[in-house]
Amino acid sequence: GLNFVLNEQPDKAIEVFIKMLEVDSETVETHLALGNLFRRRGEVDRAIRIHQNLIARPTLSREERATALLELGMDYMKSGLFDRAESLFNELVESGIHSIQPYSELLDIYQQEKDWDNAIITARRLEYNSGEKMNRMIAQFYCEKAEDMYTEGEETSALDNLHKAISIDPRCARATLLEASILLKKEKYKQAIRVYKRVEKQDPDYLPEVINPMHICYKKLNKLDDFMEYLHGLVNKYGGITTIMMLAELIAEKQGREDAISFMTTELKKRPTVRG
(Lines give C-alpha, C1' and ligand atoms only; values in the text may rest on other atoms or scores of the structure.)
Protein backbone atom coordinates (compact mmCIF):
# COMPACT_ATOMS: atom_id res chain seq x y z
CA GLY A 1 0.00 0.00 0.00
CA LEU A 2 2.78 2.44 0.87
CA ASN A 3 4.56 1.52 -2.37
CA PHE A 4 1.46 2.58 -4.28
CA VAL A 5 1.54 5.93 -2.42
CA LEU A 6 5.21 6.44 -3.26
CA ASN A 7 4.56 5.53 -6.89
CA GLU A 8 1.81 8.17 -7.11
CA GLN A 9 -1.00 5.60 -7.32
CA PRO A 10 -3.13 6.84 -4.37
CA ASP A 11 -6.38 5.09 -5.33
CA LYS A 12 -4.67 1.69 -5.44
CA ALA A 13 -3.11 2.46 -2.05
CA ILE A 14 -6.53 3.27 -0.59
CA GLU A 15 -7.97 0.00 -1.94
CA VAL A 16 -5.16 -1.94 -0.23
CA PHE A 17 -5.80 -0.23 3.11
CA ILE A 18 -9.57 -0.59 2.91
CA LYS A 19 -9.30 -4.33 2.14
CA MET A 20 -7.06 -5.01 5.14
CA LEU A 21 -8.91 -7.54 7.26
CA GLU A 22 -7.24 -6.74 10.57
CA VAL A 23 -6.52 -3.33 12.04
CA ASP A 24 -4.29 -3.21 15.10
CA SER A 25 -2.52 -0.36 16.90
CA GLU A 26 0.34 -0.30 14.39
CA THR A 27 -1.81 -0.33 11.27
CA VAL A 28 -4.13 2.34 12.78
CA GLU A 29 -1.14 4.68 12.90
CA THR A 30 -0.41 3.91 9.25
CA HIS A 31 -4.02 4.58 8.24
CA LEU A 32 -3.97 7.90 10.11
CA ALA A 33 -0.62 8.89 8.60
CA LEU A 34 -1.89 8.12 5.10
CA GLY A 35 -5.09 10.09 5.69
CA ASN A 36 -3.08 13.07 6.97
CA LEU A 37 -0.81 12.87 3.93
CA PHE A 38 -3.77 13.04 1.56
CA ARG A 39 -5.31 15.95 3.49
CA ARG A 40 -2.06 17.94 3.47
CA ARG A 41 -1.78 17.37 -0.28
CA GLY A 42 -5.30 18.73 -0.72
CA GLU A 43 -6.74 15.31 -1.66
CA VAL A 44 -9.49 15.57 0.94
CA ASP A 45 -11.86 13.04 -0.68
CA ARG A 46 -9.19 10.36 -0.35
CA ALA A 47 -8.47 11.35 3.26
CA ILE A 48 -12.19 11.06 4.04
CA ARG A 49 -12.34 7.56 2.51
CA ILE A 50 -9.41 6.38 4.63
CA HIS A 51 -10.78 7.83 7.88
CA GLN A 52 -14.37 6.69 7.28
CA ASN A 53 -13.14 3.15 6.63
CA LEU A 54 -11.10 3.26 9.81
CA ILE A 55 -14.04 4.42 11.96
CA ALA A 56 -16.18 1.56 10.61
CA ARG A 57 -13.77 -1.04 12.02
CA PRO A 58 -15.23 -2.73 15.15
CA THR A 59 -11.76 -3.70 16.44
CA LEU A 60 -10.75 -0.09 17.22
CA SER A 61 -10.29 0.93 20.84
CA ARG A 62 -12.22 3.92 22.19
CA GLU A 63 -9.11 6.12 21.98
CA GLU A 64 -8.29 5.02 18.43
CA ARG A 65 -11.86 5.66 17.25
CA ALA A 66 -11.81 9.12 18.84
CA THR A 67 -8.54 9.95 17.04
CA ALA A 68 -10.01 8.78 13.71
CA LEU A 69 -13.16 10.88 14.34
CA LEU A 70 -10.99 13.92 15.03
CA GLU A 71 -9.08 13.39 11.77
CA LEU A 72 -12.32 12.90 9.81
CA GLY A 73 -13.70 16.12 11.33
CA MET A 74 -10.60 17.96 10.15
CA ASP A 75 -11.09 16.46 6.68
CA TYR A 76 -14.63 17.87 6.62
CA MET A 77 -13.30 21.24 7.82
CA LYS A 78 -10.76 21.28 4.99
CA SER A 79 -13.49 20.54 2.43
CA GLY A 80 -15.83 23.21 3.86
CA LEU A 81 -18.41 20.75 5.22
CA PHE A 82 -18.74 22.62 8.50
CA ASP A 83 -22.04 21.01 9.59
CA ARG A 84 -20.55 17.49 9.40
CA ALA A 85 -17.34 18.62 11.10
CA GLU A 86 -19.32 20.33 13.88
CA SER A 87 -21.32 17.16 14.50
CA LEU A 88 -18.17 15.04 14.86
CA PHE A 89 -16.39 17.55 17.11
CA ASN A 90 -19.46 17.76 19.37
CA GLU A 91 -19.51 13.96 19.56
CA LEU A 92 -15.87 14.01 20.65
CA VAL A 93 -16.51 16.71 23.23
CA GLU A 94 -19.35 14.66 24.74
CA SER A 95 -17.14 11.56 24.85
CA GLY A 96 -14.55 13.45 26.92
CA ILE A 97 -11.65 12.28 24.72
CA HIS A 98 -9.46 14.80 22.90
CA SER A 99 -11.67 17.59 24.23
CA ILE A 100 -9.23 20.49 23.77
CA GLN A 101 -8.62 20.17 20.02
CA PRO A 102 -12.32 19.60 19.17
CA TYR A 103 -13.17 22.75 21.13
CA SER A 104 -10.49 24.66 19.18
CA GLU A 105 -11.86 23.36 15.88
CA LEU A 106 -15.45 24.21 16.90
CA LEU A 107 -14.29 27.70 17.80
CA ASP A 108 -12.80 28.05 14.32
CA ILE A 109 -16.08 26.91 12.74
CA TYR A 110 -18.20 29.35 14.77
CA GLN A 111 -15.88 32.24 13.92
CA GLN A 112 -16.07 31.45 10.21
CA GLU A 113 -19.86 31.17 10.43
CA LYS A 114 -20.07 34.32 12.59
CA ASP A 115 -22.06 32.38 15.19
CA TRP A 116 -20.91 34.52 18.10
CA ASP A 117 -23.17 33.00 20.78
CA ASN A 118 -21.77 29.52 20.19
CA ALA A 119 -18.27 30.97 19.86
CA ILE A 120 -18.59 32.52 23.35
CA ILE A 121 -19.91 29.27 24.89
CA THR A 122 -17.17 27.21 23.22
CA ALA A 123 -14.42 29.65 24.23
CA ARG A 124 -15.54 29.41 27.87
CA ARG A 125 -15.50 25.59 27.70
CA LEU A 126 -12.08 25.62 26.05
CA GLU A 127 -10.83 27.94 28.80
CA TYR A 128 -12.16 25.56 31.47
CA ASN A 129 -10.63 22.47 29.86
CA SER A 130 -7.29 23.92 28.80
CA GLY A 131 -6.67 26.37 31.65
CA GLU A 132 -5.78 29.00 29.03
CA LYS A 133 -7.33 32.44 29.58
CA MET A 134 -9.72 33.36 26.76
CA ASN A 135 -10.94 36.74 28.11
CA ARG A 136 -9.54 38.81 25.25
CA MET A 137 -11.03 36.55 22.58
CA ILE A 138 -14.43 36.37 24.32
CA ALA A 139 -14.50 40.18 24.60
CA GLN A 140 -13.91 40.39 20.83
CA PHE A 141 -16.85 38.04 20.23
CA TYR A 142 -19.09 40.34 22.30
CA CYS A 143 -17.86 43.26 20.17
CA GLU A 144 -18.77 41.33 17.01
CA LYS A 145 -22.25 40.68 18.45
CA ALA A 146 -22.58 44.35 19.32
CA GLU A 147 -21.67 45.45 15.79
CA ASP A 148 -24.25 43.06 14.28
CA MET A 149 -26.96 44.26 16.68
CA TYR A 150 -26.19 47.92 16.07
CA THR A 151 -26.41 47.33 12.30
CA GLU A 152 -29.84 45.74 12.86
CA GLY A 153 -30.98 48.76 14.88
CA GLU A 154 -30.81 47.03 18.28
CA GLU A 155 -28.89 49.84 19.97
CA THR A 156 -29.60 48.91 23.61
CA SER A 157 -28.56 45.28 23.07
CA ALA A 158 -25.42 46.46 21.28
CA LEU A 159 -24.42 48.62 24.26
CA ASP A 160 -25.18 45.75 26.68
CA ASN A 161 -22.79 43.50 24.77
CA LEU A 162 -20.09 46.17 24.74
CA HIS A 163 -20.41 46.52 28.52
CA LYS A 164 -20.03 42.72 28.82
CA ALA A 165 -16.88 42.92 26.69
CA ILE A 166 -15.41 45.57 28.99
CA SER A 167 -16.33 43.61 32.13
CA ILE A 168 -14.59 40.50 30.73
CA ASP A 169 -11.55 42.38 29.37
CA PRO A 170 -11.19 45.87 30.91
CA ARG A 171 -8.42 46.62 28.36
CA CYS A 172 -10.68 46.04 25.34
CA ALA A 173 -10.20 49.32 23.47
CA ARG A 174 -12.38 48.10 20.60
CA ALA A 175 -15.44 47.94 22.88
CA THR A 176 -14.70 51.44 24.13
CA LEU A 177 -14.37 52.86 20.61
CA LEU A 178 -17.63 51.22 19.52
CA GLU A 179 -19.52 52.44 22.59
CA ALA A 180 -18.21 55.99 22.18
CA SER A 181 -19.09 56.06 18.46
CA ILE A 182 -22.68 55.04 19.30
CA LEU A 183 -22.90 57.82 21.89
CA LEU A 184 -21.45 60.30 19.38
CA LYS A 185 -24.09 59.36 16.80
CA LYS A 186 -26.76 59.83 19.48
CA GLU A 187 -25.27 63.31 20.09
CA LYS A 188 -24.46 62.44 23.72
CA TYR A 189 -21.20 64.35 23.51
CA LYS A 190 -20.30 64.53 27.21
CA GLN A 191 -20.78 60.77 27.66
CA ALA A 192 -18.86 60.08 24.45
CA ILE A 193 -15.89 62.15 25.69
CA ARG A 194 -15.87 60.30 29.00
CA VAL A 195 -15.83 56.94 27.20
CA TYR A 196 -13.19 58.02 24.66
CA LYS A 197 -10.89 59.01 27.54
CA ARG A 198 -10.86 55.36 28.70
CA VAL A 199 -8.72 54.46 25.68
CA GLU A 200 -5.65 56.11 27.18
CA LYS A 201 -5.64 53.65 30.10
CA GLN A 202 -6.61 50.66 27.97
CA ASP A 203 -4.12 50.99 25.12
CA PRO A 204 -2.39 54.30 24.22
CA ASP A 205 -1.67 52.91 20.73
CA TYR A 206 -5.35 53.52 19.93
CA LEU A 207 -5.19 57.23 20.83
CA PRO A 208 -4.94 58.35 17.17
CA GLU A 209 -8.38 56.73 16.68
CA VAL A 210 -10.04 58.99 19.26
CA ILE A 211 -8.55 62.39 18.38
CA ASN A 212 -10.88 63.37 15.52
CA PRO A 213 -14.16 62.15 17.09
CA MET A 214 -13.22 63.85 20.39
CA HIS A 215 -12.59 67.06 18.45
CA ILE A 216 -16.17 66.84 17.12
CA CYS A 217 -17.55 66.33 20.64
CA TYR A 218 -15.65 69.23 22.20
CA LYS A 219 -16.53 71.49 19.27
CA LYS A 220 -20.24 70.69 19.63
CA LEU A 221 -20.01 71.50 23.35
CA ASN A 222 -18.05 74.70 22.58
CA LYS A 223 -15.23 73.54 24.86
CA LEU A 224 -12.20 73.53 22.57
CA ASP A 225 -10.03 75.05 25.33
CA ASP A 226 -10.65 71.93 27.42
CA PHE A 227 -9.75 69.78 24.42
CA MET A 228 -6.49 71.68 23.92
CA GLU A 229 -5.60 71.12 27.58
CA TYR A 230 -6.32 67.39 27.20
CA LEU A 231 -4.20 67.22 24.02
CA HIS A 232 -1.28 68.99 25.72
CA GLY A 233 -1.36 66.29 28.38
CA LEU A 234 -1.32 63.54 25.75
CA VAL A 235 1.54 65.16 23.83
CA ASN A 236 3.64 65.47 26.99
CA LYS A 237 3.00 61.82 27.90
CA TYR A 238 3.04 60.02 24.57
CA GLY A 239 3.89 62.39 21.75
CA GLY A 240 2.08 61.01 18.71
CA ILE A 241 2.00 62.91 15.42
CA THR A 242 -1.82 62.73 15.11
CA THR A 243 -2.21 64.43 18.50
CA ILE A 244 0.52 66.99 17.71
CA MET A 245 -1.03 67.91 14.36
CA MET A 246 -4.51 68.30 15.86
CA LEU A 247 -3.13 70.53 18.61
CA ALA A 248 -1.16 72.56 16.04
CA GLU A 249 -4.38 73.17 14.07
CA LEU A 250 -6.17 74.37 17.19
CA ILE A 251 -3.24 76.63 18.14
CA ALA A 252 -3.28 78.09 14.62
CA GLU A 253 -7.01 78.85 14.94
CA LYS A 254 -6.71 80.41 18.37
CA GLN A 255 -3.24 81.99 18.50
CA GLY A 256 -2.13 82.22 14.87
CA ARG A 257 0.07 80.32 12.42
CA GLU A 258 3.39 81.46 13.88
CA ASP A 259 2.61 79.94 17.29
CA ALA A 260 1.43 76.72 15.60
CA ILE A 261 4.64 76.50 13.54
CA SER A 262 6.75 77.15 16.65
CA PHE A 263 4.88 74.41 18.54
CA MET A 264 5.26 71.91 15.67
CA THR A 265 8.97 72.68 15.28
CA THR A 266 9.65 72.18 18.98
CA GLU A 267 7.75 68.87 19.11
CA LEU A 268 9.32 67.49 15.94
CA LYS A 269 12.81 68.22 17.30
CA LYS A 270 11.91 66.06 20.30
CA ARG A 271 10.23 63.30 18.25
CA PRO A 272 11.04 63.42 14.52
CA THR A 273 8.65 61.48 12.24
CA VAL A 274 8.30 61.21 8.46
CA ARG A 275 4.65 62.28 8.54
CA GLY A 276 5.50 65.19 10.86
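The values are calculated or read from the model by the stated rules, or taken from the named source; none is laboratory data. What you are looking at is a predicted structure, and each value in this text was computed from that prediction instead of being measured. Positions of Cβ are backbone-derived with ideal geometry, glycine not excepted, and every protein chain shown enters the neighbour counts. Areas reflect the complete protein model, heavy atoms only, side chains present, ligands, DNA and RNA absent. Shrake-Rupley method; radii C 1.70, N 1.55, O 1.52, S 1.80 Å.
The table below gives the values:
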| item | result |
| --- | --- |
| Cα-centred dipole magnitude for the range 25-148, charges only on beta-carbon of K, R (+1) and D, E (-1), debye, nearest 20 | 280 debye |
| The chain - mean residue ellipticity at 222 nm from DSSP helices (-39,500 (n - 2.57) per run, n ≥ 4, rounded to 500) | -24500 deg cm²/dmol |
| Helix 173-185 vs. the chain, principal-axis angle (Cα, 0 to 90°, nearest 10) | 50 degrees |
| For the range 116-257: relative contact order, % (alpha-carbon pairs under 8 angstrom, 6 or more apart) | 14 percent |
| Set LYS223/LYS269; LYS133/LYS188; LYS133/LYS185; LYS114/LYS197; LYS164/LYS185; LYS188/LYS254 screened for pairs whose C-alpha atoms are more than 28 Å apart | LYS223/LYS269; LYS133/LYS188; LYS133/LYS185; LYS114/LYS197 |
| Virtual paramagnetic centre 7 Å along Cα→Cβ of GLU152, amide N under 16 Å, in the range 99-140 | 113-120 |
| Compactness index (Cα Rg / 2.2 N^0.38 Å), the range 142-185 | 0.99 |
| Dipole of the range 100-188, positive end: most advanced residue of THR151, SER167, ILE182 [Cβ charges, Cα centre] | SER167 |
| Cβ-placed point charges (K, R +1; D, E -1), dipole of the chain about Cα centre in debye, nearest 20 | 1280 debye |
| Angle between the chain longest axis and helix 224-238 axis [Cα atoms, degrees, rounded to 10] | 60 degrees |
| Accessible area per residue, Å², the chain with all protein chains present, probe 1.4 Å | 56 Å² |
| Alpha-carbon Debye profile of the range 171-223, log10 I(q)/I(0) at 0.18, 0.20 Å⁻¹ | -0.48, -0.58 |
| Solvent-accessible area, 1.4 Å probe, carbon plus sulfur percent, for the range 61-217 | 46 percent |
| Heavy-atom accessible surface of the range 230-269: percent carbon and sulfur, 1.4 Å | 52 percent |
| Given charges at Cβ of Lys, Arg, Asp, Glu: the chain dipole, positive-most of ILE55, GLN202, SER79 | GLN202 |
